[in-house]
Amino acid sequence: MMERELQTICESFAKLEEQSTSKVWDLSAKEQAIARVVAEKCKYEEKFIGLNKDREAMRLANQALRAQNVKQLDHIKAIEEHDRALSQQLSLVRSEAEQATAAWQAAAAKLQDAQQRTVELEEQARVLEDRAVIATQALAERTEALAAAEHERRRTQECLDLANRRVSESERPPTDQTGLAKLCADYKALLKCPTCQTNFKSHVLLRCMHVFCKQCIDSRIETRQRKCPSCSEPFGAKDVRQIYL
Ligand SMILES: [Zn+2]
Ligand SMILES: [Zn+2]
């Protein structure tokens, strides 16, 4: 009986020891697991701290990006404002350019009209110049004809005066021989050249109708003193004609 109890107790003790050993082994495994968990916790804490640092850095970067974004938005607004102002200026410049183009086209049209008008006026001026030349020539011819008529009138007047004198002298009868001789000498003198008083009159100057001898007229032509000895009217070789008394 005692032996059986002792054996039971021994078996129970052995079971307990075995259970105790098993528990010890379990405890050791648990401690190892706890150590691993603690190590992992430390590792995760370090990672968490690192992640926190990263999050802070990202928060700061995000803040900086937001500030930069705000600045860029302001800059974009300013650029848009500037763009609107430039668009308004561009439309103004285009409007002014259109006005300037219209003004330039109007000026070009006026210039063309003025050039056309200038051509017409030049043509009219040429016509008027031609008329003026013709009128000047006609005036010169008329002046020359008038001068010739005046000379003719003076010559006719001289002839008339001379004829009147001769008529009045011929109407007075000579009283004696001396008077007759004088009258004869006067008539003879009328036939002599008034320049040399020697040769008889033989040639007339057609421009003034004064009469001289051929030698006196030839002498004047040769010495280029081509003026009438009586009235100083200029004459040429073609103005001399022979007369027959
Ligand atoms: Zn003479
Ligand atoms: Zn003369």
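Taking segment 179-195 as the search range and keeping residues that are more than 28 Å from residue 148 (Cβ to Cβ) and not small (Gly, Ala, Ser), which one is farthest from ligand 1 (Cβ to nearest atom)? Per the criteria, the residue is 180.
Number of residues in segment 229-240 that are closer than 22 Å to residue 191 by Cα and either touching a Pro at 6+ places or on another chain (Cβ under 8 Å) or more than 11 Å from ligand 2 (Cβ to nearest atom) (or both): the value is 3. Filtering segment 147-168 to residues that are among the charged types (D, E, K, R) and either within 19 Å of residue 234 (Cβ to Cβ) or within 16 Å of ligand 1 (Cβ to nearest atom) (or both) leaves 150, 152, 153, 154, 155, 158.
Looking across segment 174-187 at every residue that is at pLDDT 85 or above and among the charged types (D, E, K, R), the one that is nearest to ligand 2 (Cβ to nearest atom) is identified as 186. For the condition surrounded by fewer than 10 Cβ atoms within 10 Å (Cβ to Cβ) and either in a helix (DSSP H, G or I) or touching a residue at least 24 places away in the same chain (Cβ under 8 Å) (or both), what is the one hit in 178, 136? Going through 178, 136 in turn, the sole match is 178. Would it be correct to say that residue 185 is under 30 Å from residue 215 (Cβ atoms), in a helix (DSSP H, G or I) and either among the aliphatic types (A, V, I, L, M) or in the same structural domain as residue 244 (by TED's automatic domain parsing) (or both)? Answer is yes for this residue. Restricting attention to segment 234-243, the residues that are touching a helix residue (DSSP H, G or I) at 6+ places or on another chain (Cβ under 7 Å) and more than 18 Å from residue 202 (Cβ to Cβ) add up to 0.
For segment 188-210, the candidate set comprises residues that are assigned to a helix (DSSP H, G or I) and not basic (Lys, Arg); within that set, the residue that is modelled with the highest pLDDT is 191. When segment 211-237 is filtered for residues that are part of a loop (DSSP other than H, G, I, E, B), crowded, with 16+ Cβ neighbours inside 10 Å and within 14 Å of ligand 1 (Cβ to nearest atom), the ones remaining, listed by number, are 213, 228, 229.
For segment 143-163, state whether one or more residues are outside any helix (DSSP H, G or I) and more than 16 Å from ligand 2 (Cβ to nearest atom). No, every residue in segment 143-163 fails to be outside any helix (DSSP H, G or I) and more than 16 Å from ligand 2 (Cβ to nearest atom).
The values are calculated or read from the model by the stated rules, or taken from the named source; none is laboratory data. Note that the structure is a prediction, hence the values are computed from the model and not measured. Note that we place each Cβ from the backbone using ideal geometry, even for glycine, and neighbour counts take in every protein chain shown.
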